[in-house]
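Shown next, in structure tokens, is the structure this report addresses.
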Amino acid sequence: MMSAAALRISTQKWSTTTATSLQQTATEMLAKRLLGTTSCSSVSAMATPGLRRVTWKKTTTHTTTPRQEIWNKNFARLYARRMLELAALAAASRRFVTELESAIDKPSQWKDWEYRDWTDDLLASLGRTKWERFWSSTQRVVSLGLLATPLAILMPLSRFSETCHQWSWDYALWGIEMAGPTFIKLVQWATTRQDLFSQEFCLHFGKLRDETKGHSFAETQQILQEEFGTRHVSQWLKMDPTPIGSGCIAQVYHGRLLEGTSKYPAGTEIALKVQHPGIWHKVCVDFYLLAKIAKFLEGLPKLNLKYLSLADTVRQFRDIMLPQLDLRIEAANLQRFNQDFRNDDSVTFPHPLEELTTSRVLTETFVHGTPIMEYTKASVDMRRQVAKIGLETTLNMIFLKDFIHGDLHPGNILVSEKPDGTPQLHFLDCGLVVEVGPHQHENMIKILGAFTRKDGQLAGQLMVDSSSESQASDLDVELFINGIVHIIKMDDDNNFIEKVGDYIADICFLACRHKVKLEATFVNASLAVEIMEGIAAALYPDMHVQPIALKLIVRAEMMHRMGMK
């Protein structure tokens, strides 16, 4: 498929070449016609911008007949008309390219993009000295060990007793909830990967996608009082004391405004999201421990785990998880998503109420809908439409927006039907997002584009070139690239976008074997696609991702290569 830049150059060349050819032909025809009545010692064509002018030096002049004069005038009119048509065609093609360029603008946020490192915030929560951090880590390890001990006893017994088997699953579910947000997020992701985990695992822990253990209404009132001060919540909000949902970070209440705001009148339905008390310190300690574990695993000799970017992946997960604990950041994310998809009426996001939002409380418009997995019982056509919209939205976030919803488990996607009967998807809980920046995004698009087109040689070379740290020898690099080519050839019936999980496993094996360090952005983007693929496959197993992905990849390549502002 031709890029817009190539299209523009091709169009310009075609217009110039065609115009020149027609002008030359017309000149020759006119000269031959006139030579019948005019003896010319020379015929010269002088080019000027956009026009060729013919000059004759007459030596002998003959009188032209009226018929010849009429023919000459008609020929001149035809020639002028053709030149006008060519000019109009050139203008139309230039206007087409201009409209195409304006339709694929780069995200405006890239102009001021800067990577935010949360290391200092994390260490500040753990303590000022190494001993304080060591003590916080030790307490957390002991706490997690005590949670895991009963499960370690129940699991062997579950082989001999059905009762113990059920107890082990129930206790594991309770233990994950007690372990805190970090572990709940990991398990929520795992339950979307039915190709990696058993059906029993996904069934039992799937409950965490919709509901986790919350806190009391008295604690909610205390947090609201601390955040909004002397102005009691009952003055501006009528709230149902029973939460409509509880996640690993916060729980949500349904309510109505008693007083209007700058954008929304009194009576507006709202969702009030209140953060669980005391989770900041717990999450910081978890990521401190995960970083130490990843560094330890990468340092193990002969395993070459360093080239899986475990530490980078943990750091990136940390840097997109910690902002979730400041609900003002989620409000900003909602504004960004609403801006990115303002022209797509098949996708919506809640709108935040900035005046009623703090670091621990988020007030947003209420969204009505049905959980997406309940649409597995809908008609085939409805399931196909829902799956297609979900995939297109996710791929759009990755390839064109560089702003990816990082928590796309089914519990965060609702579906409703528009008046015309077509589905509309509502994405909730937008605190966890992935944004890589312009340089990394361009590298990611190049690699994913090469995989999608089954160009293993280019994909392998791009992965080596974009590697920020590599100890691979020239032979290792050659073997790694050949391995990527072999993977694509052996799996010729499939496509990278269609079978992300299978490809990632093989690529990780090659990276470890040949010491090529994978970029965490490529791995995380691939996993985001895979999670949405899992949801889409449950809705409509015959959904093909490649036709949807390829056109977006082409647009993303055009966006980067055309130098748009």
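The values are calculated or read from the model by the stated rules, or taken from the named source; none is laboratory data. Please read all numbers here as calculations on a predicted model, not as lab measurements. We place every Cβ from the backbone using ideal geometry, glycine too, and count neighbours over all the protein chains shown. Ligands, DNA and RNA are stripped out before the accessible areas are found, and what is left, the full protein with its side chains, is counted by its heavy atoms. Shrake-Rupley method; radii C 1.70, N 1.55, O 1.52, S 1.80 Å.
In the stretch 146-169, the residues that are under 15 Å from His204 (Cβ atoms) form Cβ pairs under 7 Å with partners that are open to solvent by 40 Å² or more (accessible area, probe 1.4 Å), at six or more places apart or across chains, as follows: Leu151/Tyr171; Leu154/Trp167; Leu154/Tyr171; Ser158/His165; Cys164/Leu157; Ser168/Leu151; Ser168/Met155.
Considering the conditions (1) in a helix (DSSP H, G or I); (2) open to solvent by 60 Å² or more (accessible area, probe 1.4 Å), Leu322 is excluded by exactly one of them, (2).
Within the stretch 347-395, can you find the residues that are outside any helix (DSSP H, G or I), of a type in the set (S, T, N, Q) and buried (at least 17 other Cβ atoms within 10 Å of the Cβ)?
Thr348, Thr357, Thr358, Thr363, Thr365, listed by residue number.
Can you go through Leu400, Leu334, Leu414 and tell me which one is in contact with a Gly (Cβ under 6 Å, 6 or more places away or on another chain), in contact (Cβ under 8 Å) with a residue 40 or more places away in the chain, under 27 Å from Arg318 (Cα atoms) and buried (at least 18 other Cβ atoms within 10 Å of the Cβ)? Give the derivation first.
Values: Leu400 fails: in contact with a Gly (Cβ under 6 Å, 6 or more places away or on another chain); Leu334 fails: in contact with a Gly (Cβ under 6 Å, 6 or more places away or on another chain).
Result: Leu414 is the single residue among Leu400, Leu334, Leu414 that is in contact with a Gly (Cβ under 6 Å, 6 or more places away or on another chain), in contact (Cβ under 8 Å) with a residue 40 or more places away in the chain, under 27 Å from Arg318 (Cα atoms) and buried (at least 18 other Cβ atoms within 10 Å of the Cβ).
Looking only at the stretch 269-292, decide whether some residue is farther than 24 Å from Leu224 by Cα and surrounded by fewer than 16 Cβ atoms within 10 Å (Cβ to Cβ). Within the stretch 269-292, one or more residues are farther than 24 Å from Leu224 by Cα and surrounded by fewer than 16 Cβ atoms within 10 Å (Cβ to Cβ). For the stretch 222-240, which positions are under 15 Å from Lys273 (Cβ atoms) and of a type outside the set (Phe, Trp, Tyr)? Hits for the stretch 222-240 are Ile223, Leu224, Glu227, Val233, Leu237, Met239, Asp240.
Any residue that is open to solvent by 20 Å² or more (accessible area, probe 1.4 Å), acidic (Asp, Glu) and modelled with pLDDT of 80 or more - is there at least one of those in the stretch 516-538? The answer is no, given that none of the residues of the stretch 516-538 is open to solvent by 20 Å² or more (accessible area, probe 1.4 Å), acidic (Asp, Glu) and modelled with pLDDT of 80 or more.
Among the candidates His276, His351, the residue that is more than 28 Å from Arg140 (Cβ to Cβ) and touching a strand residue (DSSP E or B) at 6+ places or on another chain (Cβ under 9 Å) is uniquely His351. From the list Asp502, Asp493, the one residue that fits, being in a helix (DSSP H, G or I), at pLDDT below 70 and open to solvent by 10 Å² or more (accessible area, probe 1.4 Å), is Asp502. Gly431 falls short on exactly one of the conditions (1) assigned to a loop (DSSP other than H, G, I, E, B); (2) open to solvent by 10 Å² or more (accessible area, probe 1.4 Å); (3) not hydrophobic (A, V, I, L, M, F, W, C), and that condition is (2). Candidates Phe451, Phe366: the one that is aromatic (Phe, Trp, Tyr) and within 30 Å of Gln275 (Cβ to Cβ) is Phe366.
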